[in-house]
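The block underneath contains the structure these notes are about, expressed in structure tokens.
Just so it is clear, none of the values below were taken in a lab; they were calculated from the coordinates. Small disclaimer: the values here were computed from a predicted structure and weren't measured. FYI the Cβ positions are ideal-geometry reconstructions off the backbone, even for glycines, and counts take in every protein chain you see.
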Amino acid sequence: MHMSEINDISTPIDDRFYKLVDRTPVRCTFAEFAEAMKEDANRVVAQNMVGEWQVSSIFTGIDTNWESDQPLLFETVVFGLPEELRPQWSLSTWDEAMEVHNMLVSMLTEHGAEPLLELIREKQAMQGECGCC
């Protein structure tokens, strides 16, 4: 597919694409999004191995928040924890992603997985109570 063909693509979510400019998300076209996402520096916020766990924070470039005007463009995930807990945080800014990332790395480094697992279970219980999950 040529770049000119990508420029012609339109989707129902055209207003949901972003690229990073100096770590700040900026709304863009699908073609600009696709081009920007080719580079790791435009996707990877931080990645750390802590023992058997990997903490990964990325810029997705696609707003996944369908419920409000505050875009959710970053995700932090902890790999190596039980899959059924779905340890994932969706965030709006680079700074928020780094804050959560560093908190998780610190928590795993200092206390292991159990406090984090408890935090995740509490978060899931609260989401279940409100009926949103």
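Note on Lys38 and Leu117: with the Förster distance fixed at 35 Å, the Cβ-Cβ geometry gives a FRET efficiency of about 0.45. Computed about its Cα centre, the charge dipole of the range 43-129 is approximately 220 debye, with only Lys, Arg, Asp and Glu carrying charge at their Cβ. Rounded, prolate or oblate: which fits the range 43-129 when a ≥ b ≥ c are the square roots of the eigenvalues of the alpha-carbon gyration tensor, with rounded for a/c under 1.5 and prolate only if a/b beats b/c? Because a/c hits 1.5 or more and a/b fails to exceed b/c, the range 43-129 counts as oblate. The value of relative contact order for the range 43-129, using C-alpha pairs under 8 Å at least six residues apart, is 24 percent. Taking θ as phi - 60° and the Karplus parameters 6.51, -1.76 and 1.60, the scalar couplings of the range 108-114 work out to 5, 5, 7, 10, x, 7, 4 Hz in sequence order, x denoting glycine and proline. Each of Phe30, Phe17, Phe79 was scored by other Cβ atoms within 10 Å of its Cβ. Listed from fewest to most, they are Phe79, Phe30, Phe17. Amide H contacts of Gly112 (H built 1.01 Å from N, in plane; Pro and chain starts excluded): no residue 5 or more places away or on another chain comes under 5 Å.
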